[in-house]
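See structure below.
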């Protein structure tokens, strides 16, 4: 994200500040100070809050704070006398007072993602009017409201084409078949539903149908006591959308895998890459990158392919399979290219969240994952990433609500192994080693070649005093990543707080890793 104010442009991902078009030098703490005040520009930020956020609550003198503030003002073309950007509010704190524009639609952003040649290959979803089954029709607004909210929420998912409300609602009150809708709207997937209300109870039944076969891809039922109508409507919408996205994705991957190689489009290569990456193996992720290379060769402006390649590149660093310096450089290049093509490319921001752990940048991590959830608030894996991000930043207790939200949104998610990995980070951070081991063990059963669950298990077992079992995990780690050492793990350790890093590595050392 880029923010423009006065004559400045601040880039939160590259952590650069340009004034009058020229790059200026800014110290890391000064950048953090400007960004914190900018992101909280609707209020005064107290001195204590600044210290907690930027210096992790450590004691600093008033002189040190004044120096950082002076440096921040100087970098953005302000000073203590003018205070046209950062204002001191005597006795209360500081406030960012300059007018800010978020540059979501920056110059140079290509429109090509919206006009790509393979746009017709993207899956199309039609959400049909939900049937109102209560006596009388005075409550039809409830069914319509859910349906309209589902259409709007699915429309935020960049890789889906969603038929407009005006088209699907033309079928209201009519008898139709799935074949009718598929043919008329050219929809690959159809969402249908019904709402039944009785007294203070409401039941919503939803199904997702493959229009090409007429087969049911997914269905579910939601029962609620009717209190706050709109809150319930929001909750049901959120759960429907969170379930539909991974189910459509999985169905699309299966269809792409069934296609002959000579018929593959850039979209098909991305789907095949997604399938190989989900194996969480060395070979699978290498082949995923090769498939994405082919997608980008077909369409150099393909933001989704660039974002996924960035994510997989940095994920391989955490696995101990690739050189961090080269991989980070490539991942940043791909993520930046993806965002230049599409400022809402979700996997580019996921990649930045991973990059942040390697370059040890907490603010980058938090901003990147927040952006993921802004783009798609119903992205279950995004909530899990937020939980993981908070955990590795040393805020494990804050992580658990996000981790729970991910499971509530998508209890049968095809990437639920990642949920367990992220759970293990949070449990380890709060020193609940038994729970950390259990979560990591569940993940290892789903993803046996994912090395981080093995790290968590080995370290946790060592801290619990199970030296033999911990040593057995180290042997499995060496089988997955033969070249891994304590030094290489430290260089790409997901934990960002030094005390957590030390606990993590000391457990691995005690388990026998050198």
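The values are calculated or read from the model by the stated rules, or taken from the named source; none is laboratory data. The structure displayed is predicted, hence computed values, not measured ones. No Cβ is skipped: glycine too gets one built from the backbone with ideal geometry, and neighbour counts run over all protein chains shown.
Worth a mention:
- Unique match (being modelled with pLDDT under 95 and under 15 Å from residue 365 (Cα atoms)) among 406, 399: 399
- Residue 43 passes every criterion in (1) in contact with a strand residue (DSSP E or B) (Cβ under 8 Å, 6 or more places away or on another chain); (2) crowded, with 16+ Cβ neighbours inside 10 Å; (3) in contact (Cβ under 8 Å) with a residue 24 or more places away in the chain apart from (2).
- Some residue of the stretch 217-224 being in a strand (DSSP E or B), within 30 Å of the chain's Cα centre (by Cα) and touching a residue at least 24 places away in the same chain (Cβ under 8 Å): yes
- Filtered residues of the stretch 36-57 (kept if farther than 20 Å from residue 497 by Cβ, under 26 Å from the mean Cα position of the chain (by Cα) and outside any loop (DSSP other than H, G, I, E, B)): 37, 38, 39
- Helices (runs of 4 or more DSSP H) contained in the stretch 334-409 and holding at least 3 residues surrounded by fewer than 20 Cβ atoms within 10 Å (Cβ to Cβ): 362-375, 396-409
- Matching residues in the stretch 61-97 - criterion: being loosely packed, with under 14 Cβ neighbours inside 10 Å, part of a loop (DSSP other than H, G, I, E, B) and free of Cβ contacts under 8 Å to residues at least 24 places away in the same chain: 61, 79, 80, 81, 82, 90, 91
- Listing of helices (runs of 4 or more DSSP H) fully contained in the stretch 115-186 that carry 1 or more residues being over 25 Å from residue 272 (Cβ atoms) and modelled with pLDDT under 80: 140-154, 165-168
So that you can scan it fast, the table gives a plain yes or no per residue for (1) touching a helix residue (DSSP H, G or I) at 6+ places or on another chain (Cβ under 7 Å); (2) in contact (Cβ under 8 Å) with a residue 12 or more places away in the chain; (3) assigned by TED's automatic domain parsing to the domain that holds residue 455:
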{"site": "307", "(1), (2), (3)": "yes, yes, no"}
{"site": "318", "(1), (2), (3)": "yes, yes, no"}
{"site": "325", "(1), (2), (3)": "no, no, no"}
{"site": "334", "(1), (2), (3)": "yes, yes, no"}
{"site": "360", "(1), (2), (3)": "no, yes, no"}
{"site": "367", "(1), (2), (3)": "no, yes, no"}
{"site": "391", "(1), (2), (3)": "yes, yes, yes"}
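- Selected residue (criterion: nearest to the chain's Cα centre (by Cα)) from residues of the stretch 467-498 that are under 15 Å from residue 360 (Cβ atoms) and in contact (Cβ under 8 Å) with a residue 60 or more places away in the chain: 494
- Just one of the listed residues (205, 244) is in contact with a strand residue (DSSP E or B) (Cβ under 9 Å, 6 or more places away or on another chain), in a helix (DSSP H, G or I) and at pLDDT 85 or above, and it is 244.
- Any hit, the stretch 300-308, residues being at pLDDT 90 or above and closer than 24 Å to residue 392 by Cβ: yes
- Residue 179 out of contact with any strand residue (DSSP E or B) (no Cβ under 9 Å at 6 or more places or on another chain), over 19 Å from residue 145 (Cα atoms) and without any contact (Cβ under 8 Å) to a residue 24 or more places away in the chain: no
- Flag for residue 271 being at pLDDT below 80, assigned to a helix (DSSP H, G or I) and in contact with a helix residue (DSSP H, G or I) (Cβ under 9 Å, 6 or more places away or on another chain): no
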